[in-house]
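J.: If you scroll down you'll find the structure; I have some questions about it.
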């Protein structure tokens, strides 16, 4: 609680009011990240409206099935993270294995993505092919890096839970990490339809 | 001042301020040369004056950063400096080498300077801002390595704080990126990449870490806000600075030959570069509003708020004005760039160094609560004169830039005015900028005068808490 209001960007909520999960510093970071992705999405939309044919042709080359599989993996991981937070808040068991399982499931995404990159690259597509592939490679790789960071955060949380650092009395660290992971997941939920379906 | 060895910061600060004065003198010379083309020709041609103006800026800021580091690191680590002697030796090496280099620029023509410093053995000269003879570049590298050794040995034996870690990370980045100045490929496009790896990644990358750390340190001292709160802000700010700043380098790659995707990447990431600066404004004002003490050194508080605001305006807003590729297509290399450069350097780096000087120098002079009220009032006059003058310099250059773009860049070929014809048309703005520059010089003189006013602030002026309590 004290951590939450430390930055005093807003008045302390009255007791009983809904509170932001996690640390406000983590949320400032999340909003800044969302702003980065948001501007890139706008750039994508503008570029697509200027040259729909290139974007249509580019989409045809992608593997929507792998994209769908990756989406399922990230959503499942998010579900596991959300339930692990719930378990910790109610001081129940099963927090740690859910986090480890979330990391494992999210690896389906990382492996799938690497497979896609290798596949496309071997067919001669890269960042400089055209505007569609510039956005495809840059946006998805930038997101990929965020997934890796998210996985590192989940691993740190799992280790800390294992060490008994979190007992449910202070949810700040767990909620901050989980919020970051959900941000990564949320971005993909926009990216997937935008690149694989609508383009 | 808790540790005697912190006092080694003093010569660094004094020398920095002397070079600062030199920089402004040459700024005035340049300002006049814009409108009176043959002023001081052939003794000091425009290109030489410009080289001296920009090199003095870089070198005095480095002296300022080093002084700040020597002052901050022992206190943060709660231990004496590893080797005050090494700090003194490096001070003299750097001061003598820096002075000789500037004298070389002024009294020897550049080609001869290249010859006598044996540039042929490892050619690195001739590039904007990196004009220093190779031997000076090697000297800077050695001084920085010795400095980092001294600082890291100090930090490692004492308390590890986030401020120290961020500061030292920034300084290591500064040292590592400097190495790119030694690589000078023959291909001009390739050369520009490496050149920007020094120039951009310094000022829009690692220097922001140094600035953030100094600002955080001063805020801890003058507000008494819990260190944990300030550290959290610092982390978020530097993360944003690096996320936006590193790929933001792309805004320099628009027209130098690399692939087209840099137009997108450069535009998108640098559009977000104002964010960390905006967060610094929130940071400074929030911390000062939530202060647990009223530090009697009000001048330092003013500088801390000023640097955050002016950095946001100069680096953030004025940078954003011309950072998007479709805009930059017209504005590239116009006076708009000069407007941005002036306010950004002043707001972010000049003012942060003056902030730490304002806080630390009175303490080193045996005035733990700051200078006397009179001295602070004079210092604050200096602050306002210099800052308002810089706002006007920026506005006049912005006006000059917009008119330049309108006359020279927007019209279709054939209708566009030539470069020199355009310059004649915007000379009124240059005259106005010259006047603002004179006011800046006056502000600097007032600021210097504040150092010669005797007396100190008293403990009674502290309303809550003790100004020198351990935090």
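Quick note: the coordinates plus some simple rules give every number you see, no bench work behind them. Note that the structure is predicted; figures quoted are calculated from it, not measured. For neighbour counting, all protein chains shown are included, and Cβ atoms are generated from backbone atoms with ideal geometry for every residue, glycine included.
J.: Can you sort A:130, A:23, A:185 from fewest to most other Cβ atoms within 10 Å of each residue's own Cβ? Could the numbers behind the result be given before it?
T.: Values: A:130 17, A:23 21, A:185 24.
So the ranking, lowest neighbour count to highest, is A:130, A:23, A:185.
J.: Right, here's the next one. For an R0 of 45 angstrom, estimate the FRET efficiency from the Cβ-Cβ distance between residue A:114 and residue B:410 and round to the nearest 0.05. The partial results should precede the final answer.
T.: Numbers: r = 47 Å, r/R0 = 1.04.
For residue A:114 and residue B:410, the calculated efficiency is 0.45.
J.: I would also like to ask the following. Take B:233, B:92 and order them by how many other Cβ atoms sit within 10 Å, fewest up front. Write down the numbers at each step before the final one.
T.: Values: B:233 25, B:92 11.
Exposure proxy ranking, most exposed first: B:92, B:233.
J.: Here's another thing I want to ask about it. So if I take the alpha carbon set of the range A:21-198, get Rg, then get Rh from the Kirkwood formula, what is the Rg over Rh ratio?
T.: Values: Rg = 17.7 Å, Rh = 17.2 Å.
My calculation of the ratio gives 1.03.
J.: Still on this structure, I have one more. What nm value, rounded to one decimal, do you get for the distance between residue A:20 and residue B:445 when each label is placed 7 Å out toward the C-beta?
T.: 5.0
J.: Which value does Rg/Rh take for the range A:88-158 over its C-alpha atoms, Rh per Kirkwood? Write out the running numbers ahead of the final one.
T.: Numbers: Rg = 16.4 Å, Rh = 14.0 Å.
Rg/Rh: 1.17.
J.: Kindly identify the protein assembly as shown as rounded, prolate or oblate by the Cα gyration tensor criterion: order the square roots of the eigenvalues as a ≥ b ≥ c, call it rounded if a/c is under 1.5, otherwise compare a/b with b/c, prolate if a/b is larger, else oblate. Show your work: numbers first, answer last.
T.: Values: a/c = 1.86, a/b = 1.22, b/c = 1.53.
Verdict is oblate for the protein assembly as shown.
J.: Report the label-to-label distance for residue A:34 and residue A:75 in nanometres (one decimal), using points 7 Å from each Cα along the Cα→Cβ vector.
T.: 2.0
J.: Please report the Cα spread of the range B:218-471 along all three principal axes, rounded to whole Å, starting with the longest.
T.: 71, 39, 24
J.: Given contacts defined as C-alpha pairs under 8 Å and at least six residues apart, what's the relative contact order of the range B:116-213, whole-number percent? Intermediate results must be reported in sequence, preceding the final value.
T.: Working: 81 pairs, mean separation 28.0, N = 98.
Taking the mean separation of contacting Cα pairs over the length of the range B:116-213, I get 29 percent.
J.: Something else: Kindly provide the helix-only [θ] at 222 nm of the protein assembly as shown, computed as the sum of -39,500 (n - 2.57) over DSSP H runs of four or more divided by all residues, to the nearest 500 deg cm²/dmol? Don't skip to the end; give the middle numbers.
T.: Numbers: 26 runs with 471 residues, N = 670.
Counting only the DSSP helices, I get -24000 deg cm²/dmol.
J.: How far is helix B:9-35 tilted, in degrees, relative to the longest principal axis of the Cα atoms in chain B, given as a value from 0 to 90 rounded to the nearest 10?
T.: Here the helix axis deviates by roughly 30 degrees.
J.: What number, in percent, do you get for the relative contact order of chain B if the mean sequence gap of Cα pairs under 8 Å and at least 6 apart is divided by its residue count? Please report the intermediate quantities before stating the final value.
T.: Values: 721 pairs, mean separation 69.6, N = 471.
Here the relative contact order equals 15 percent.
J.: Now for a separate question. Among B:390, A:145, B:51, rank each residue by its count of other Cβ atoms within 10 Å, from fewest to most, as a rough exposure measure. Let's see the in-between values first.
T.: Working: B:390 25, A:145 11, B:51 20.
With the sparsest Cβ surroundings first, the list reads A:145, B:51, B:390.
J.: Quick check on the range B:314-425: what does the Kirkwood estimate of hydrodynamic radius come out to from the alpha carbon pairs, in Å?
T.: Values: mean 1/r = 0.0611 Å⁻¹.
Mean inverse Cα-Cα distance, inverted, gives 16.4 Å.
J.: Can you give the angle from 0 to 90° between the axis of helix B:227-248 and the longest principal axis of chain B, with both taken from C-alpha atoms, to the nearest 10?
T.: The angle comes out at about 10 degrees.
J.: To the nearest 10 degrees, how steeply does helix B:207-223 sit against the main Cα axis of chain B, on a 0 to 90 scale?
T.: Taking Cα atoms only, the helix is inclined about 30 degrees.
J.: What distance in nm separates the simple spin-label points at residue A:63 and residue B:169, each placed 7 Å from Cα in the Cβ direction?
T.: 3.6
J.: Which shape class, rounded, prolate or oblate, goes with the range B:1-113 when its Cα gyration tensor gives a ≥ b ≥ c as root eigenvalues, a/c under 1.5 marks rounded, and past that a/b bigger than b/c marks prolate?
T.: Working: a/c = 4.37, a/b = 2.45, b/c = 1.78.
Because a/c hits 1.5 or more and a/b exceeds b/c, the range B:1-113 counts as prolate.
J.: With an 8 Å cut-off on Cα pairs and a minimum separation of 6 or more residues, tell me the relative contact order of the range B:218-471 in percent.
T.: Working: 392 pairs, mean separation 58.5, N = 254.
Normalised by residue count, the contact order of the range B:218-471 is 23 percent.
J.: Another question about this same structure. Relative to 2.2 N^0.38 Å, what does the C-alpha radius of gyration of the range B:170-269 come to as a ratio? Two decimals please. It would help to have the intermediate numbers written out before the result.
T.: Values: Rg = 16.4 Å, N = 100, 2.2 N^0.38 = 12.7 Å.
In units of the 2.2 N^0.38 Å rule of thumb, it is 1.30.
J.: Moving on. Given the C-alpha centroids of the range B:230-256 and the range A:48-111, what is the distance between them in whole angstrom?
T.: For the range B:230-256 versus the range A:48-111, the Cα centre distance is 27 Å.
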